[in-house]
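**Q** The structure is given below, and queries will be raised subsequently.
The values are calculated or read from the model by the stated rules, or taken from the named source; none is laboratory data. Because the structure is a prediction, the values reported are computed rather than measured. FYI the Cβ positions are ideal-geometry reconstructions off the backbone, even for glycines, and counts take in every protein chain you see.
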Amino acid sequence: MATTRGSRATGADGSAHTPATTRTGTTRLRGTAGGARARKTAGGATRSATGTRRAAHTRRTARATATAALALALLAATAACDDEDHRAANEKRVAHACRGLLPAAGLRPVLPRESTVTTREFGTSLTPDRASRALLDCTVSWEPDRKPFGTSGIRLRAEAAPGRIPRFSKDLDDQTEPRPAHAAFGLPLPSDAEGAVTVDSDGRVVASLTLSCPGGLTGRTRPLHDLHIGLDFPQTDETDYRPTAAERRTASRTAVRVADRITAQQHCGTRPLAGRPAPDKAERARGAALCSWLDAKKLRLDGGASDAWRPEGDTRYSRRTAHCSAGTDEPGIRDRDRPGLAHVTADSWSGVHARTAYEDHADKGAVPGARDRPDFPEPGDEDIPESAGGDDGPELALWARSVCDGGRTYHRVAVGLGTPDPAPGHLTKEERAQLSADVRRTLDRYLDARAGWARQSHCHGTELLGEAQDWAPADRRKETSR
Amino acid sequence: MNRWIWPDSRPARYVRCAGALVLVAALVGGLLLLREHRRESELAGACGGVFGVPEARALLGDGPYGEDAVSGRTTGDLDGRGASLRSSCTVEGLHDVTLSASVDGVPARGHRHDLDGMYPKVPGDLPAQPLGHGWNGLFSSGESLRGSPGGELVTAVLLDCRAKKDDLLVTVRAEPDRDDGAAPVDDPRERTRYARVATAAAAHADDHWGCGARTGKTPRDGDIALPVGAYDDVPLDDAKGTCAGIPGRGRSAARAWESARGRPGAASPLETCVLGTTEPTAAVAYRFEALYGPYAQAARADHAENDYTDRRKNPATAAAGRLHDGGHWASATCPGSRERALFTVRPPYRDPLRHEDRRSAAQRTKDRAWERAALKSFAQHSARTHTCTHLHLP
């Protein structure tokens, strides 16, 4: 029974396969039309059959080549379109993100070609009924293109500064470090605003802008009067430590646009920042004179006679902060084998900057009495902050407090010695007393100078807070008295 | 006949081709579904399903999370007889987010064995916000007045289980590791996402262990209160939340860090009010706490364990009194809990060896009188919100 079924199957199979076999399998490739042609030629001359076979071969090759070419072209086109699509679509997304506040055109060079960007935004200026510490926080992120280094993403944040400057950028908003010399904002600002644009240590262009909102900013537990805007994006040339002119323009214009949008929305009662005229001659002269008091000869400071003294600092008056410094790489000689003064600095911080600066210094143990506070770590604890002095020689700071045009203000004047050889910090009592006298004289001169920041800001009610030295106190370190 | 079995006409070939395509599509679809199912079951199966799949995936990503991403263990149960329930589960998700859930039985008063450190702590020293939405819970970002910017989000829910069952404390901690610099608490949608993981876990725990408590609602989008940050202080006179009603105490305690008070039935089991100054730097002068249920239990266990100086009278043994290292405590009876609520006021801890107390005797008496008056106001307000009675004051 099994055999019968088998033979029947064979018969059916054989009859089905025979014609296909005679057609040498081409039918399956070429389809019905080809099969009909093959049957026709089978009835004609052998030579013509050979020619047809050759022609068929050529056609097949041509068709295969055409198909391959088409596929390749399609692939290439897809890849090209894909690339083009991502860039165009990405630019469009950035332009639409954040209520159109991001400079899509200016950021075109840093947007990715190979991936799409995603955006995220929140803040009380977008959704007033949903609590947030941000007035506006927009992030554009993407997978970086195939580069071993470099950063990706754009971030824009505007917030009411609640008692201190938000730590948006450690390079711009750390009040213990003066801003880099090449961090100019690039656009004229009123004296109650402060801005900076620079490249941070991660190779990102960062902008920071702080301005006043007398009408008060809403959204937090209490009305606040300082608006801080931070923006950062990858720089185009990752080898440069400064932003290019175009990057600076993009960053500062965006910050100004955001500031103007928010001050209008929040009824701050201020005039727009955009389109401010450049500072006039009087304003420039006022800025240029801010640090002229820091003349080492007039201050009777050692080393002041040296030609290497270079005064530096603010060239534009701001009600918010002040910075002047002078220093030399060749400290004068105080004594036979002791270095003289290497630098003098004077800083002031008003209003919201005052607490920020004081706290930032206090965290490093660099304010009067910081090391005696109950919550300051015991010496020897791992988390004891490093002194601000670093590798430099010992520095003595004197702090004072006043009320100035920008509100409550802290002043810090510091004098530092060059690195003594061989060991730092071994001061005689006389040398210590000399440092105290130097720093006090400098503070008095700073507060009293007519063109200086303190007089320009009408500081009054000044109260001396005390000294803060950045080297270990005498009882914790061997002190020589000679 | 052969043509019927394997027809060779053009339409037939199209049909064959389409069939093959459908087959391939079905296969791919099936594989995708299988993968999706496996991803879902990865979460659904984690620690008895304590995490709601959609809620957790919104934070952890879709997975797969890796071989050792899920870990957890469960001991004890909720019937109040043997060891109390301790269940914990951690999932390390994508995007550097780690979620962990703890479900802890809160045994009735008297079973105070090894309770110190048994409940997850709420990090940071600033007030947590009430969770709201009908839950007896809190939402915290772990921030501190100085130093710690937070980073750990904690949502805790206390479930009042029916009689003969221990209560349940469900705590979900998240450690998001953002690289865009935005604090996750700051984004209202993200806050909701984190809180929803906890409310889903609480609803699951309630069901899984037969707690039978009244549960709240799923938080609405963007509707979780913003936790209190280091710069969210208000003048004490303007306080409207947990610091409201506390009498003034001069410049060193002029600023208040406070949370919202909550409502009866949707209050927080841990209420805090911090008084201090921001001049010249932020410093705490006094810290008020209202501790309910497990938090009161843990604090009393801590006192029972560590108060060597005065074993006879401390929050574990007396209803009210003066704390030996400064400050006072009070207590009250609350509905649904056999553990009395504990109210404390403390000045910041100072090591007596390093910092000598230079106050005169008269000044100390004055300080203590103010502490008692302030604690009375704080405890009365909190007890009212939690409908507690029989307030004992020092």
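**Q** Answer yes if at least one residue in the stretch A:347-367 is more than 30 Å from B:ASP357 (Cβ to Cβ), at pLDDT below 85 and buried (at least 21 other Cβ atoms within 10 Å of the Cβ), and no otherwise.
**A** No: zero hits.
**Q** OK, next. Which residues, counting only those in the stretch A:187-226, are at positive phi and surrounded by fewer than 19 Cβ atoms within 10 Å (Cβ to Cβ)? Talk me through it step by step, then tell me what you get.
**A** Kept after step one, since they are at positive phi, are these residues of the stretch A:187-226: A:203, A:216, A:219.
Across the stretch A:187-226, the qualifying residues are A:GLY203, A:GLY216.
**Q** OK, next. Determine whether B:ASP302 is free of Cβ contacts under 8 Å to residues at least 12 places away in the same chain and within 26 Å of B:SER144 (Cα to Cα). Break it down into steps so the answer makes sense when it comes.
**A** Working: free of Cβ contacts under 8 Å to residues at least 12 places away in the same chain: no; within 26 Å of B:SER144 (Cα to Cα): yes.
So B:ASP302 does not fit the description; no.
**Q** Out of all the residues in the stretch B:193-205, which are within 14 Å of chain A (Cβ to nearest Cβ) and either surrounded by 21 or more Cβ atoms within 10 Å (Cβ to Cβ) or touching a strand residue (DSSP E or B) at 6+ places or on another chain (Cβ under 6 Å) (or both)?
**A** First pass over the stretch B:193-205, keeping only residues within 14 Å of chain A (Cβ to nearest Cβ): B:193, B:195.
Scanning the stretch B:193-205 gives a single hit, B:ALA195.
**Q** I would also like to ask the following. Does B:ALA108 count as part of a loop (DSSP other than H, G, I, E, B), among the aliphatic types (A, V, I, L, M), outside the structural domain of B:LEU32 (by TED's automatic domain parsing) and closer than 26 Å to B:TYR292 by Cα? Before you say what the answer is, go through the steps one by one.
**A** Details: part of a loop (DSSP other than H, G, I, E, B): yes; among the aliphatic types (A, V, I, L, M): yes; outside the structural domain of B:LEU32 (by TED's automatic domain parsing): yes; closer than 26 Å to B:TYR292 by Cα: yes.
Yes: the conditions hold for B:ALA108.
**Q** Against the definition (of a type in the set (A, V, I, L, M), at pLDDT 85 or above, buried (at least 19 other Cβ atoms within 10 Å of the Cβ) and assigned by TED's automatic domain parsing to the domain that holds A:LEU417), how does A:ALA342 come out, yes or no?
**A** Numbers: of a type in the set (A, V, I, L, M): yes; at pLDDT 85 or above: no; buried (at least 19 other Cβ atoms within 10 Å of the Cβ): yes; assigned by TED's automatic domain parsing to the domain that holds A:LEU417: yes.
For A:ALA342, the condition - of a type in the set (A, V, I, L, M), at pLDDT 85 or above, buried (at least 19 other Cβ atoms within 10 Å of the Cβ) and assigned by TED's automatic domain parsing to the domain that holds A:LEU417 - is not met.
**Q** Can I ask one more? Does the stretch B:233-280 hold any residues that are of a type in the set (Ser, Thr, Tyr) and crowded, with 19+ Cβ neighbours inside 10 Å, and which are they?
**A** We begin by selecting, within the stretch B:233-280, every residue of a type in the set (Ser, Thr, Tyr); these are B:242, B:252, B:259, B:268, B:272, B:277-278.
Hits for the stretch B:233-280 are B:THR242, B:SER259, B:SER268, B:THR272.
**Q** Hey, another quick one. Does B:SER100 satisfy the criteria of being polar (S, T, N, Q) and modelled with pLDDT of 85 or more? First the steps, then the outcome.
**A** Values: polar (S, T, N, Q): yes; modelled with pLDDT of 85 or more: yes.
Answer is yes for this residue.
**Q** Of all residues in the stretch B:335-378, which are more than 14 Å from chain A (Cβ to nearest Cβ) and of a type in the set (Ser, Thr, Tyr)?
**A** The answer is B:SER337, B:THR344, B:SER360, B:THR365, B:SER377.
**Q** Pull out all pairs, ordered by first then second residue, where Cβ-Cβ is under 6 Å, the residues are six or more apart or on different chains, the first lies in the stretch A:125-136 and is in contact (Cβ under 8 Å) with a residue 40 or more places away in the chain and more than 7 Å from chain B (Cβ to nearest Cβ), and the second is in a loop (DSSP other than H, G, I, E, B) and among the β-branched types (Val, Ile, Thr).
**A** Final answer for the pair search is A:LEU135/A:THR124.
**Q** Which condition breaks for B:ALA225 when tested against (1) within 14 Å of chain A (Cβ to nearest Cβ); (2) touching an Asp or Glu at 6+ places or on another chain (Cβ under 9 Å); (3) at pLDDT 90 or above?
**A** Tallying (1) within 14 Å of chain A (Cβ to nearest Cβ); (2) touching an Asp or Glu at 6+ places or on another chain (Cβ under 9 Å); (3) at pLDDT 90 or above, B:ALA225 fails exactly one: (2).
**Q** Moving on to the next point. With B:LYS164, B:LYS217 as the choices, which residue is of a type outside the set (A, V, I, L, M), at positive phi and more than 11 Å from chain A (Cβ to nearest Cβ)? Show your work before the answer.
**A** Numbers: B:LYS217 fails: at positive phi.
Only one candidate passes the filter, namely B:LYS164.
**Q** Here is a further query. With the checklist (1) touching a residue at least 12 places away in the same chain (Cβ under 8 Å); (2) over 30 Å from B:THR278 (Cα atoms) in hand, flag the one item B:ASP207 doesn't pass.
**A** So B:ASP207 meets the others, but not (1).
**Q** Only residues that are touching a helix residue (DSSP H, G or I) at 6+ places or on another chain (Cβ under 9 Å) and aliphatic (A, V, I, L, M): list them for the stretch B:243-263, please.
**A** B:ALA244, B:ILE246, B:ALA253, B:ALA254, B:ALA256
**Q** Scan (1) in a strand (DSSP E or B); (2) within 14 Å of chain A (Cβ to nearest Cβ) for the single condition B:ALA290 breaks and write down its number.
**A** Only one criterion is unmet by B:ALA290, namely (2).
**Q** Answer yes or no as to whether A:THR151 is at pLDDT below 80 and either within 12 Å of chain B (Cβ to nearest Cβ) or over 24 Å from A:GLY275 (Cα atoms) (or both). Outline the logic, then answer.
**A** Values: at pLDDT below 80: yes; either within 12 Å of chain B (Cβ to nearest Cβ) or over 24 Å from A:GLY275 (Cα atoms) (or both): yes.
Yes.
**Q** Then there's this: Of all residues in the stretch A:418-461 being outside any helix (DSSP H, G or I) and of a type in the set (Val, Ile, Thr), which is modelled with the highest pLDDT?
**A** Taking the stretch A:418-461 first, the residues outside any helix (DSSP H, G or I) are A:418-428, A:449-452, A:457-461.
Narrowing further to those that are of a type in the set (Val, Ile, Thr): A:419, A:428.
Working: A:THR419: 61, A:THR428: 74.
Checked the stretch A:418-461; the qualifying residue modelled with the highest pLDDT is A:THR428.
**Q** Which one of the conditions (1) part of a helix (DSSP H, G or I); (2) in the same structural domain as B:ASP77 (by TED's automatic domain parsing) does B:ASP237 fail to meet, given that it meets all the rest?
**A** (2)
Here's the yes/no breakdown for (1) in a loop (DSSP other than H, G, I, E, B); (2) of a type in the set (Gly, Ala, Ser); (3) closer than 25 Å to B:LEU275 by Cβ:
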residue	(1), (2), (3)
B:PRO315	yes, no, yes
B:ALA319	yes, yes, yes
B:HIS324	yes, no, yes
B:ALA332	no, yes, yes
B:SER337	yes, yes, no
B:THR344	no, no, yes
B:PRO348	yes, no, yes
B:ASP351	yes, no, yes
B:GLU356	yes, no, yes
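**Q** How about the stretch B:246-282: which of its residues are in contact (Cβ under 8 Å) with a residue 40 or more places away in the chain and in a strand (DSSP E or B)? I'd like the intermediate steps shown before the answer.
**A** Residues of the stretch B:246-282 that are in contact (Cβ under 8 Å) with a residue 40 or more places away in the chain, as a first pass: B:246-247, B:249, B:257-274, B:276, B:278, B:281-282.
Within the stretch B:246-282, B:TRP257, B:GLU258, B:ARG263, B:ALA266, B:LEU270, B:GLU271, B:THR272, B:CYS273, B:VAL274, B:GLY276 qualify.
**Q** Which residue, of A:PRO272, A:PRO243, is outside the structural domain of A:ARG445 (by TED's automatic domain parsing) and exposed (fewer than 14 other Cβ atoms within 10 Å of the Cβ)?
**A** Working: A:PRO243 fails: exposed (fewer than 14 other Cβ atoms within 10 Å of the Cβ).
When all the criteria are applied, what remains is A:PRO272.
**Q** Mind checking whether some residue in the stretch B:262-280 is away from chain A (no Cβ under 14 Å), modelled with pLDDT under 90 and under 27 Å from A:LEU135 (Cα atoms)? Please lay out each step first, then the result.
**A** So in the stretch B:262-280, the residues away from chain A (no Cβ under 14 Å) come out as B:262-272, B:275.
So of that shortlist, the ones also modelled with pLDDT under 90 come out as B:262-266.
From what is left, the residues that are under 27 Å from A:LEU135 (Cα atoms) are B:262.
Taking every residue of the stretch B:262-280 in turn, at least one turns out to be away from chain A (no Cβ under 14 Å), modelled with pLDDT under 90 and under 27 Å from A:LEU135 (Cα atoms).
**Q** Given the condition at positive phi, crowded, with 17+ Cβ neighbours inside 10 Å and out of contact with any His (no Cβ under 7 Å at 6 or more places or on another chain), answer yes or no: does some residue in the stretch B:223-231 qualify? Steps first, please.
**A** Let us first name the residues in the stretch B:223-231 that are at positive phi, namely none.
No, because not a single residue in the stretch B:223-231 is at positive phi, crowded, with 17+ Cβ neighbours inside 10 Å and out of contact with any His (no Cβ under 7 Å at 6 or more places or on another chain).
**Q** Within the stretch A:129-137, identify whether any single residue is buried (at least 21 other Cβ atoms within 10 Å of the Cβ), at pLDDT 90 or above and not in a loop (DSSP other than H, G, I, E, B), and answer yes or no.
**A** For the stretch A:129-137, residues buried (at least 21 other Cβ atoms within 10 Å of the Cβ), at pLDDT 90 or above and not in a loop (DSSP other than H, G, I, E, B): present.
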